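One structure below.
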């Protein structure tokens with residue numbers, strides 16, 4: 001009996017490497033373009049095009065040792081119309097010489113008979129590891145297609161592989177190699193597919209076509225060959241396609257190409273990306289066809305907010321406010337409306353930045369919490385978690401509208417702030433909790449345009465009942481740091497009075513409005529439906545050299561290790577209880 005050790009001593013490894021490189025190229029489906037046949041459609045089969053097996057190769061399993069297979073990447077090519085009844089004697093249709101199609105078949109449209117070549121790129125696994133070949137089998141084929149509407153710019157119709165058969169003769173390894181497939185053999189129901197013809201500006205048709213085929217392979221190895229003493233019959237199903245652009249990233253890596261996937265209703269979606277958590281730049285590395293709700297990476301919308309990355313404070317979480325990060329008003333600026341002419345506003349894009357912990361009680365005398373010098377947070381507040389007091393700068397990029405069109409300023413207002421946050425679970429890879437802006441207040445002094453500029457906001461002042469809340473999400477990165485994605489709504493009041501001789505001379509008023517401030521970027525994550533007992537998992541790994549991270553989707557078995565620390569314990573029960581409380585069991 002042949003053994004893999006014996007064979008590996010015979011075949012140079014270089015052959016294996018070359019075959020692997022060639023096989024990788026085989027999986028790329030080429031475009032398929034056919035001329036108008038004069039009736040507003042194209043004749044099938046598409047002569048000059050090739051059907052390939054991009055995902056699942058033809059296989060020989062039965063008759064081989066357990067764990068051993070012969071896998072064959074297939075290319076169906078070199079289509080030739082039958083040269084009269086003698087060349088395609090098994091055709092179920094009546095065709096004239098050199099005629100490829102006629103009305104008939106099992107789908108109510110046309111039938112197509114042809115001769116072709118099935119090229120097979122062979123590789124062995126298990127005991128046959130290292131075995132590689134390429135050989136070609138002459139085959140006869142019959143395909144049936146459903147009705148179409150010649151003249152339509154896009155013609156989509158069903159197709160069925162009714163018959164495909166061929167046999168290899170005189171081969172040194174296979175004394176018997178016979179392949180048969182299609183609905184005429186009744187090996188299985190999976191022999192249908194679809195063809196889409198799309199008219200091009202040139203008048204030709206782009207062809208996207210696939211069919212599933214349930215096939216049977218009879219084989220017997222030749223004496224003295226690597227397949228000596230092996231024989232059997234395998235029945236399997238695969239898919240062949242032509243014309244489909246592969247589901248792959250766009251050239252700039254920003255997303256997946258919206259190419260047509262093989263199955264109706266599927267889309268080309270990202271499953272593997274490289275992500276910069278600071279800039280938010282995404283480079284899509286791998287895409288896959290799937291249903292819209294299949295496990296895939298949900299790419300966040302591009303926002304003007306810079307990423308916010310903070311170190312672990314030694315307790316499995318971070319300290320807030322996020323020192324070094326900036327909250328901005330990306331959508332709705334702060335506004336002054338009251339006290340200005342109708343149709344005139346002062347709009348102020350805000351940046352809350354330069355957070356500093358209170359330097360003892362004197363610097364944050366209005367803090368409702370008891371904090372030591374240089375301490376930013378302590379247990380307490382109105383949300384059952386922590387309270388945070390700080391000094392900061394509210395930068396305002398000012399633009400006038402209406403009668404104040406052309407008025408532009410940049411202001412920096414020193415502010416005191418107090419934020420309350422809800423409970424979180426330090427150590428969890430993702431920590432999501434509520435936050436509330438309890439107080440934010442500041443005043444401008446000595447400005448040439450604003451003799452009075454006072455801003456106050458937050459639930460402490462009672463300007464808005466619930467419009468001061470938000471949410472923070474901390475995501476543990478492979479580097480050990482945390483990505484911060486945080487926002488809060490704030491209902492604020494601005495009192496102002498213009499200075500004599502300035503553009504605001506004679507204007508004064510008090511405006512109460514609501515806006516949203518946010519920092520950080522939501523990290524891309526994998527989401528989607530999975531079979532029962534499986535979960536759609538997000539796997540992150542660091543590329544420390546440039547600070548980026550790789551994010552890949554993985555469908556894995558559901559586990560009781562809910563916090564993914566490698567241990568099933570009471571912490572996992574707490575995670576489960578929290579999930580029930582927030583989303584229901």
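Here is how the numbers come out for the structure above:
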| read-out | value |
| --- | --- |
| All positions within the stretch 172-187 that are surrounded by fewer than 17 Cβ atoms within 10 Å (Cβ to Cβ) and touching a strand residue (DSSP E or B) at 6+ places or on another chain (Cβ under 8 Å) | 176, 178 |
| Elements of type strands (runs of 3 or more DSSP E) contained in the stretch 46-150, each with 2 or more residues being in the same structural domain as residue 206 (by TED's automatic domain parsing) and in contact with a helix residue (DSSP H, G or I) (Cβ under 9 Å, 6 or more places away or on another chain) | 70-81, 110-124, 132-145 |
| Conditions (1) surrounded by fewer than 16 Cβ atoms within 10 Å (Cβ to Cβ); (2) more than 24 Å from residue 148 (Cβ to Cβ); number of the one not met by residue 57 | (1) |
| Residue check, residue 160 in contact with a helix residue (DSSP H, G or I) (Cβ under 8 Å, 6 or more places away or on another chain) and surrounded by 18 or more Cβ atoms within 10 Å (Cβ to Cβ) | yes |
| Elements of type strands (runs of 3 or more DSSP E) in the stretch 449-527, at least 3 residues being modelled with pLDDT of 95 or more | 450-457, 482-498, 508-519 |
| Sole residue being in a loop (DSSP other than H, G, I, E, B) and crowded, with 20+ Cβ neighbours inside 10 Å, chosen from 341, 321 | 321 |
| Test for residue 520: is it on the phi > 0 side of the Ramachandran plot and crowded, with 18+ Cβ neighbours inside 10 Å | yes |
| Looking only at the stretch 119-135, and only at residues there that are over 35 Å from the mean Cα position of the chain (by Cα) and under 20 Å from residue 166 (Cβ atoms), the one that is surrounded by the most Cβ atoms within 10 Å (Cβ to Cβ) | 133 |
| Evaluation of residue 532 against (1) over 18 Å from the mean Cα position of the chain (by Cα); (2) touching a residue at least 24 places away in the same chain (Cβ under 8 Å); (3) surrounded by fewer than 20 Cβ atoms within 10 Å (Cβ to Cβ); (4) on the phi < 0 side of the Ramachandran plot (one fails), failing number | (2) |
| Lone unmet requirement of (1) outside any loop (DSSP other than H, G, I, E, B); (2) at pLDDT 90 or above for residue 38 | (1) |
| Any hit, the stretch 191-202, residues being buried (at least 19 other Cβ atoms within 10 Å of the Cβ), within 25 Å of residue 89 (Cα to Cα) and at pLDDT 95 or above | no |
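The values are calculated or read from the model by the stated rules, or taken from the named source; none is laboratory data. Quantities reported herein were computed from a predicted structural model and do not represent experimental measurements. Reconstructed Cβ throughout: ideal geometry from the backbone, glycine too, with neighbour counts over all protein chains shown.
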